[in-house]
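Presented below is the structure to which this report refers.
The values are calculated or read from the model by the stated rules, or taken from the named source; none is laboratory data. Computed from a predicted structure; not experimentally measured. Glycine gets a Cβ as well: all are built from the backbone with ideal geometry, and neighbour counts include every protein chain shown.
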Amino acid sequence: MDFIDSDTYYVIDRNAGELYGHASIFDYVRNNPNYRKTDAFNIYVPYETVGFAGAAEKRKKVNIAINGFSLINSPTLLNHETGHCLNLKHTFVNWHDNSCEHVTRDPANQHYNANKRGDSITDTAAMPDFQREHYWELRDQGATHEWAEAHYIPYKYVDPVTFEYIGYGTDCQNNSYDILPSDIKNIMAYSPAMPQYTKKFTTAQKIRMHEAILEDSYGEYGAATTTFAALYLPYKGTYPLYYPQPQPMQMPTFQPGFTYNFIECCCNYPQPAEYDDPNFSFDAGNVVKHVDKFETNYASITHPNHSAIMISEVNLALGETQAQKCYDNYDGTPILGGKVTKFNDGIFNTNVTITPKDSTEITDPYLIQSLDNGLYKLETNYINGVDEEIVIYKTGN
Ligand SMILES: [Zn+2]
């Protein structure tokens, strides 16, 4: 994280050449390497952008500019720009001229060009720029440029609820578009705002991105490889020192996309073992928790207490059965004390008698036995701020 102290790039105006022209932000950061890490995606967030929302240079992972105020938190826009970095084009390239992508998906059809035109990706339909289609329609009807711009109604032909295409556009050979909601919801299309994460890449787009990483046209990806050990570190969250842990607490959470088996392990690692520490025992057959590589509830990919981590893909790559990072924590949080609340009427109301207890009294195993019959609440206060309550209704037997 750094700041560019610049009047020029405080607001990046595309029309003033500050995106691609003589004062390009991309050229500026190339010439000022302090502002550009070569082993990372670099995202530049001006105060405001004019004439664009986000931009990226094709295949160059270092360069993304995004409108700071409105869009930095938009996963759609960041995914879209990253798609450009990984060699994806818009789904509608040249849609309005004679070199357009044709509707046919049949490679035997003489007009088939889906593999070469538009975005050169065959599982995205030939489609217009949904944001501009109506604008061009108005122009074609003879409206002046100014009139069309003034009456510009975005996304006229996209049903805002179902995302069905409800236009009647054609490719440049007058074949009616064959557009599905999934085409409209493609990350590389220009389409209406929709709920987070409903925009997707197609399989072929994902393949193209993988290819871009393999091709590595600008030699940018070599230094970004990492170790197996890094996979065994939570990308967020921490291991509690004590149980019960304070709430709320972000538990140690691991990368999706891998197959995890959390294996029962032993003994005494109040914080997880170091990577490659062999001094714990485990039984590979005793799986405490399994996580599928396609798990999408990312918050659920956490490391349970009393278990070590097995990542199937790593074991497959190494040809071993290794479990790492045994976490075996039996430490209870020190108890400060507590109190016993008796509900004198035998129902939950305010007629109560409260007896404070110190840490020895509240943990006394004979505490409940020593109470008279009645309705009670027992509260235990831990040093880490956790308060546990139990309710008991004690009768004669
Ligand atoms: Zn784009």
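Counting only residues that are polar (S, T, N, Q) and modelled with pLDDT of 90 or more, which one in region 192-213 is surrounded by the fewest Cβ atoms within 10 Å (Cβ to Cβ)? The selected residue is THR203. Filter region 12-54 for residues that are over 28 Å from the mean Cα position of the chain (by Cα) and part of a strand (DSSP E or B) and give the result. ASP13, the sole residue that qualifies. Here the condition is being over 19 Å from LEU316 (Cβ atoms), surrounded by 14 or more Cβ atoms within 10 Å (Cβ to Cβ), aromatic (Phe, Trp, Tyr) and not assigned by TED's automatic domain parsing to the domain that holds THR38; of PHE262, PHE280, PHE254, PHE258, it holds for PHE280 alone. Across region 276-320, the qualifying residues are those that are of a type in the set (Ser, Thr, Tyr) and assigned to a helix (DSSP H, G or I), and the one among them that is farthest from THR227 (Cα to Cα) is SER300. Report whether or not TYR239 is among the aromatic types (Phe, Trp, Tyr), in contact (Cβ under 8 Å) with a residue 60 or more places away in the chain and closer than 29 Å to THR82 by Cα. Answer is no for this residue. In the set (1) buried (at least 17 other Cβ atoms within 10 Å of the Cβ); (2) touching a helix residue (DSSP H, G or I) at 6+ places or on another chain (Cβ under 7 Å), the condition left unmet by LEU336 is number (1). Consider GLY319 carefully, then state whether it is closer than 30 Å to PHE262 by Cβ and within 48 Å of the chain's Cα centre (by Cα). For GLY319, the condition - closer than 30 Å to PHE262 by Cβ and within 48 Å of the chain's Cα centre (by Cα) - is met. Only one entry in LYS377, LYS357, LYS339, LYS394 is in contact (Cβ under 8 Å) with a residue 40 or more places away in the chain, farther than 30 Å from PHE280 by Cβ and of a type in the set (D, E, K, R), namely LYS339.
Looking at the structure I just gave you, is ILE309 among the aliphatic types (A, V, I, L, M) and in the same structural domain as SER281 (by TED's automatic domain parsing)? For ILE309, the condition - among the aliphatic types (A, V, I, L, M) and in the same structural domain as SER281 (by TED's automatic domain parsing) - is met.
Comparison of ILE187, ILE166 shows that the only residue that is in contact (Cβ under 8 Å) with a residue 40 or more places away in the chain and either loosely packed, with under 12 Cβ neighbours inside 10 Å or of a type in the set (A, V, I, L, M, F, W, C) (or both) is ILE187. Screening ILE263 against (1) in a strand (DSSP E or B); (2) without any contact (Cβ under 8 Å) to a residue 12 or more places away in the chain leaves a single unmet condition, (2).
Residues in region 119-156 that are surrounded by fewer than 19 Cβ atoms within 10 Å (Cβ to Cβ) and modelled with pLDDT of 90 or more: SER120, THR122, ASP123, ASP129.
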